[in-house]
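*Asks:* Right, I'll just put the structure down here and ask away after.
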Amino acid sequence: MNAAASRSITDWSFTQIGGGEGTKDGEWLQVSSFPTTVHVELLKMKRIPDPFVGLHEWDVQWIGEKEWAFRTILNITEKDFASANVDLVFDGLDTFASVKLNGAVILQTDNQFVGHRVPVKDKLQVGINELHLHFESAFLKGRDIEKAHGKYELWNGDSSRLHVRKAQYNYGWDWGPVLMTIGPWKPIALEFYQHRIIELDIRSEVSESLDVKLWGAFTFSEQTAGYVSFSLNRPDGSLEVAVNKLPVNGGHAKVDFEWRAGQLDLWYPVGYGAQPLYTVEVELTDRHGNVLDKQTDKIAFRRALVVQDKLIDQEGLTFLFEINNVRIFCGSNWIPADSFLTTMTPERYRAWLQLLVDGNQNMVRVWGGGIYEPDEFYQTCDVLVWQDFMFGCGQYPAYDSFVGSVREEATQNVKRIRNHPSVVIFAGNNEDYQIAESLKLELDYSDEHSDFRKTNFPARHIYERVLPAVVQEHSTIYYHRGSPYSGQGQPTTDQTLGDLHQWNVWHGSQESWHNWDRLSGRFVSEFGMQGYPNVRTVDHWIGGSKAERFPQSRMNTNHNKADGFERRLELYLMENFKHTFDMDSYVFHTQVMQAETLAAAYRLWRRNWRGKGREYTAGALVWQFNDCWPVTSWAIVDYFLRPKPAYYTVARELRPFTVGMTRQDKQTFANDRSAADFIIEAVLEIWGTNSTLVDKPATLEVTFFDLESDWMDKWQKEVVLAANSSTELYKGHVTGQPIRKKRSDVPKVIIISARIVDGQTVLARYSNWPEPFKFINFPPVADLGLKVDVGPDGETITLSTKKPIKGIVLDVDEEHIRFSDQAIDLVPGDPQIIKAVGLGGRPIKIRFVGDGTA
């Protein structure tokens, strides 16, 4: 007997049914790569303009409303027919496809996220066989389904998307284009076998004492007598345990093992330990020892909990992640990294995820309007993964055929990713409970027993009945009904329970970013501020048009999909900065604003991580880490993997050690009658954070500078930063700031620099400036004494100054290089060293707030 074999099918051609703008009638075009989708192929052939440039997004809308076909020839040999079984395996078809083999329909699909295995031996013939895929328009088909089943409410995109199990962002989002992809977006293969391993269900449990249990259940295609062998190899390749010739009983077999604490290496997210992966190998043989099939998988061992405990001195419950008994402050949000997913190579995934790790992120939330990411994503992830199911911002239906499709989608994807140790939570949807609240739908949070399908919020049946049952049956991963979701019978806006999407900065009440401390939640799974991408990315989408190179141009407007973005960007800019409207300066000021906003959020919320029982905020997942096309959005890294300044400020606030400050004007009246007799005192508070698991003795250095003179003052004190916690370090008057007795007393521009040092090593630094920055009269650039020295290696830059400088951003005229830090606040006596990989002696351009350009 022969072992199972797989043959990838990659030689395809495609055509537009009936001909049209894409192909002539009857014209078949060879695909350049496979898997693929129609836009990708037409773009490579230059038959359509680049939809990422200018207004061309709108020139390709016809593609998503046409029908397309793909075909290939399968050459089947006599040897192929020696196999008892021949299956065609479709990992994913986007989305409504009819599949014919030699003219006979063998499959019809309606869900992009579902794979299919079709036995085809009885439909094949020796020699030439034609495989034909016919794709209908998902948009038009969705409109037809909507007419049959009803129109529902949503945010973002066309309402018909709610009936179509397709990546929802294809319909357009407030950061993404309308690009309705179509085609075979995942691999297709022929598989030949006598018997095969259908499923490896391998699960583990790590106890509180860190003992480990492992059990595996294996399912086989036939019930014929045979044997299965199981082995578990350590990360170094050595054998940990093995079972040979385990009898197969009725198509099934099981194994289980136990280890005491310390016998196996546990997996931790990056920053907390190593990520050891063990290799499982399962081999199926017949009674004579002939190998029928073999499968391997990577697994790891970790104890992952979502902890919802009472707090010591605040209302509500924690919502935090604990890995191997270590409580962890988390995060970031991830959207699909391209509108055309088949262009995402393993190398691009690795580059994105390396940026995530280099940015000190330890969790990424795979958002519910995109896709279940490919195996390469989870295999590369050394951080925790929050995995949404693919429902986003909508009042989804729950009729029988829809629910059945969702159940199969969930089952397949839970099984596929459950063994990745990074995946620590499944969440039912993104913001669908918020939709229900905003529309005042039938939403009795105290009802834990109804079916819900007869209500006007029928998808609750999916989130509270279908999905948790699938997760529980097929994994040991925690299930959360939605994001945000409070639980305990409370709405999603509750700041004391569950996770929170905090959009009252930018959206909602459009509050000042300085209010992040009172806009906190137990776990803030979304928050953000927009900022333009690198100006080279802007120049890419305007296609070199000088006439369009200004912030309010039509092309720039098309590359910001957020409702009211001009009003909101300008609201926050005008409240905080002096700025101009030339393209380069506008890009710079929105980037610095985004950097300041996000850094403030992380700084203030990490302060709320105050030790066990006082984890008042346990995570902050910035919206968003990445982009799917060149655009102005909330991303901190743009489509071309160019980090924005915010990437660096967030990375600094997520270092193992940080220092934070606030200053507040405290007004005290002489008595309760007078409104004119008062004093205003500037009060300074300083704290530090430590994410390591041991207390850290260090020195706090605080320096005060008067921007308008040469005055300065400095003091220091010995401190201990408590392990895995924030620590309050100081509260008192702002040195150098006089007490004010009337509103016309203009405060001095006092900059406060705080550093936490260990000997000669700077563990953390932060400079607190009086805000808003627009009130500051910055010194002339010539008076700053700014020096930019490049070391002998051509890549080490030392920055120093004689006066404080705000928000330094470095660049060169040529293509982007990799800087180790940006958006830097620089003060006298504290030079900072930056690596600029690829600088190669080129002259450095420098921008900062108050550089004379605004």
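Yes or no, residue by residue, for (1) within 26 Å of residue 142 (Cα to Cα); (2) in contact with a Pro (Cβ under 8 Å, 6 or more places away or on another chain); (3) in the same structural domain as residue 391 (by TED's automatic domain parsing):
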{"position": "42", "(1), (2), (3)": "yes, no, no"}
{"position": "54", "(1), (2), (3)": "no, no, no"}
{"position": "60", "(1), (2), (3)": "yes, yes, no"}
{"position": "69", "(1), (2), (3)": "yes, no, no"}
{"position": "82", "(1), (2), (3)": "no, no, no"}
{"position": "86", "(1), (2), (3)": "no, yes, no"}
{"position": "109", "(1), (2), (3)": "yes, no, no"}
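*Asks:* Report, ordered by the first and then the second residue, all pairs with beta carbons closer than 9 Å, sequence separation of six or more or different chains, a first member in region 75-87 that is in contact (Cβ under 8 Å) with a residue 12 or more places away in the chain and of a type in the set (S, T, N, Q), and a second member that is outside any loop (DSSP other than H, G, I, E, B) and surrounded by fewer than 16 Cβ atoms within 10 Å (Cβ to Cβ).
*Replies:* Hits for this filter: 75/127; 75/128; 77/127; 83/5; 83/121; 85/119; 85/121.
*Asks:* Collect the residues in region 325-348 that are modelled with pLDDT of 95 or more and closer than 14 Å to residue 422 by Cβ, keeping them in residue-number order.
*Replies:* Once the filter is applied, which keeps residues that are modelled with pLDDT of 95 or more and closer than 14 Å to residue 422 by Cβ, region 325-348 yields 328, 334.
Yes/no matrix, rows are residues, columns are (1) buried (at least 19 other Cβ atoms within 10 Å of the Cβ); (2) within 20 Å of residue 653 (Cα to Cα); (3) modelled with pLDDT of 95 or more:
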{"position": "350", "(1), (2), (3)": "no, no, yes"}
{"position": "363", "(1), (2), (3)": "yes, yes, yes"}
{"position": "386", "(1), (2), (3)": "yes, no, yes"}
{"position": "390", "(1), (2), (3)": "yes, no, yes"}
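*Asks:* Turning to a different aspect of this structure: Checking the conditions here, which among 590, 580 is among the β-branched types (Val, Ile, Thr), farther than 26 Å from residue 361 by Cβ and either in contact with a helix residue (DSSP H, G or I) (Cβ under 8 Å, 6 or more places away or on another chain) or not assigned by TED's automatic domain parsing to the domain that holds residue 539 (or both)?
*Replies:* 580
*Asks:* Provide a single number: the residues in region 309-342 that are in contact with a Ser or Thr (Cβ under 6 Å, 6 or more places away or on another chain) and assigned to a loop (DSSP other than H, G, I, E, B).
*Replies:* Number satisfying all stated conditions: 3.
*Asks:* Give me the pairs: first residue in region 430-455 and in the same structural domain as residue 484 (by TED's automatic domain parsing), second residue surrounded by 13 or more Cβ atoms within 10 Å (Cβ to Cβ) and of a type in the set (Val, Ile, Thr), beta-carbon distance under 7 Å, and six or more apart or on different chains, which are they?
*Replies:* Final answer for the pair search is 433/492; 434/492; 437/492; 442/455.
*Asks:* Which condition number in (1) surrounded by 13 or more Cβ atoms within 10 Å (Cβ to Cβ); (2) modelled with pLDDT under 95; (3) out of contact with any Asp or Glu (no Cβ under 9 Å at 6 or more places or on another chain) is the one that residue 224 fails?
*Replies:* All conditions pass for residue 224, except number (3).
*Asks:* Still on this structure: Can we say residue 674 is under 22 Å from residue 329 (Cα atoms), hydroxyl-bearing (Ser, Thr, Tyr) and not assigned by TED's automatic domain parsing to the domain that holds residue 175?
*Replies:* Spelling it out, it is not the case that residue 674 is under 22 Å from residue 329 (Cα atoms), hydroxyl-bearing (Ser, Thr, Tyr) and not assigned by TED's automatic domain parsing to the domain that holds residue 175.
*Asks:* Among the residues of region 32-52, count how many are surrounded by 19 or more Cβ atoms within 10 Å (Cβ to Cβ) and over 16 Å from residue 341 (Cα atoms).
*Replies:* Result for region 32-52: 1.
*Asks:* Let me spell it out: the conditions are (1) under 30 Å from residue 691 (Cα atoms); (2) surrounded by fewer than 24 Cβ atoms within 10 Å (Cβ to Cβ); (3) at pLDDT 95 or above, and residue 380 meets all of them except one. Which number is the exception?
*Replies:* Going through the list (1) under 30 Å from residue 691 (Cα atoms); (2) surrounded by fewer than 24 Cβ atoms within 10 Å (Cβ to Cβ); (3) at pLDDT 95 or above, residue 380 breaks only (3).
*Asks:* Determine which single condition residue 146 fails, assuming it passes every other condition in (1) of a type in the set (D, E, K, R); (2) out of contact with any strand residue (DSSP E or B) (no Cβ under 6 Å at 6 or more places or on another chain); (3) not in a helix (DSSP H, G or I).
*Replies:* (3)
*Asks:* Would a scan of region 147-159 turn up a residue that is surrounded by fewer than 16 Cβ atoms within 10 Å (Cβ to Cβ), under 30 Å from residue 51 (Cα atoms), of a type in the set (Asp, Glu) and under 27 Å from the mean Cα position of the chain (by Cα)?
*Replies:* Yes: region 147-159 contains one or more residues that are surrounded by fewer than 16 Cβ atoms within 10 Å (Cβ to Cβ), under 30 Å from residue 51 (Cα atoms), of a type in the set (Asp, Glu) and under 27 Å from the mean Cα position of the chain (by Cα).
*Asks:* When you scan region 183-265 for strands (runs of 3 or more DSSP E) that lie fully inside it, which ones turn up with 2 or more residues that are more than 25 Å from residue 412 (Cβ to Cβ)?
*Replies:* By residue number, 212-220, 227-233, 239-247, 252-259.
*Asks:* Okay, moving on. If you take the residues in region 827-850 that are under 16 Å from residue 805 (Cβ atoms) and touching a Phe, Trp or Tyr at 6+ places or on another chain (Cβ under 8 Å), which one is surrounded by the most Cβ atoms within 10 Å (Cβ to Cβ)?
*Replies:* Taking the candidates together, the pick is 849.
*Asks:* Quick one: in region 288-304, of everything that is surrounded by 16 or more Cβ atoms within 10 Å (Cβ to Cβ) and of a type in the set (A, V, I, L, M), which residue is farthest from the chain's Cα centre (by Cα)?
*Replies:* Of everything passing the filter in region 288-304, 292 is farthest from the chain's Cα centre (by Cα).
*Asks:* I would also like to ask the following. Can you name the condition, by its number, that residue 393 falls short on among (1) touching a residue at least 24 places away in the same chain (Cβ under 8 Å); (2) on the phi < 0 side of the Ramachandran plot?
*Replies:* Failed condition: (2).
*Asks:* A further question follows. Pick out the one residue from 341, 320 that is farther than 16 Å from residue 635 by Cα, aliphatic (A, V, I, L, M), in contact (Cβ under 8 Å) with a residue 60 or more places away in the chain and crowded, with 24+ Cβ neighbours inside 10 Å.
*Replies:* Unique residue meeting the criteria: 341.
*Asks:* Yes or no: region 281-295 includes at least one residue that is under 20 Å from residue 213 (Cα atoms) and in contact with a Pro (Cβ under 8 Å, 6 or more places away or on another chain).
*Replies:* no
*Asks:* While we're on this one: Kindly indicate whether residue 140 is in a helix (DSSP H, G or I), more than 30 Å from residue 322 (Cβ to Cβ) and modelled with pLDDT of 95 or more.
*Replies:* yes
*Asks:* In contact (Cβ under 8 Å) with a residue 24 or more places away in the chain, among the basic types (Lys, Arg) and within 23 Å of residue 558 (Cα to Cα), is that true of residue 47?
*Replies:* In short, yes.
*Asks:* Can you tell me how many residues in region 698-728 are within 37 Å of the chain's Cα centre (by Cα), without any contact (Cβ under 8 Å) to a residue 60 or more places away in the chain and not in a loop (DSSP other than H, G, I, E, B)?
*Replies:* 8
*Asks:* Of the numbered conditions (1) farther than 27 Å from residue 682 by Cβ; (2) in contact with a Pro (Cβ under 8 Å, 6 or more places away or on another chain); (3) at pLDDT 95 or above, residue 828 fails exactly one; give the number of that condition.
*Replies:* (1)
*Asks:* Tell me which strands (runs of 3 or more DSSP E) are completely within region 611-690 and hold 2 or more residues being under 30 Å from residue 716 (Cβ atoms), or say none if there are none.
*Replies:* Qualifying strands (runs of 3 or more DSSP E): 657-669, 678-690.
*Asks:* Filter region 534-553 for residues that are polar (S, T, N, Q) and assigned to a loop (DSSP other than H, G, I, E, B) and give the result.
*Replies:* 534, 545, 552, 553
*Asks:* When the residues of region 1-31 are filtered to those that are aliphatic (A, V, I, L, M) and touching a residue at least 24 places away in the same chain (Cβ under 8 Å), which remaining residue is surrounded by the fewest Cβ atoms within 10 Å (Cβ to Cβ)?
*Replies:* The selected residue is 5.
The values are calculated or read from the model by the stated rules, or taken from the named source; none is laboratory data. Bear in mind the structure is a predicted one, so any value in this text is a computation, not a measurement. Backbone-built Cβ (ideal geometry, glycine too); neighbour counts: all protein chains shown.
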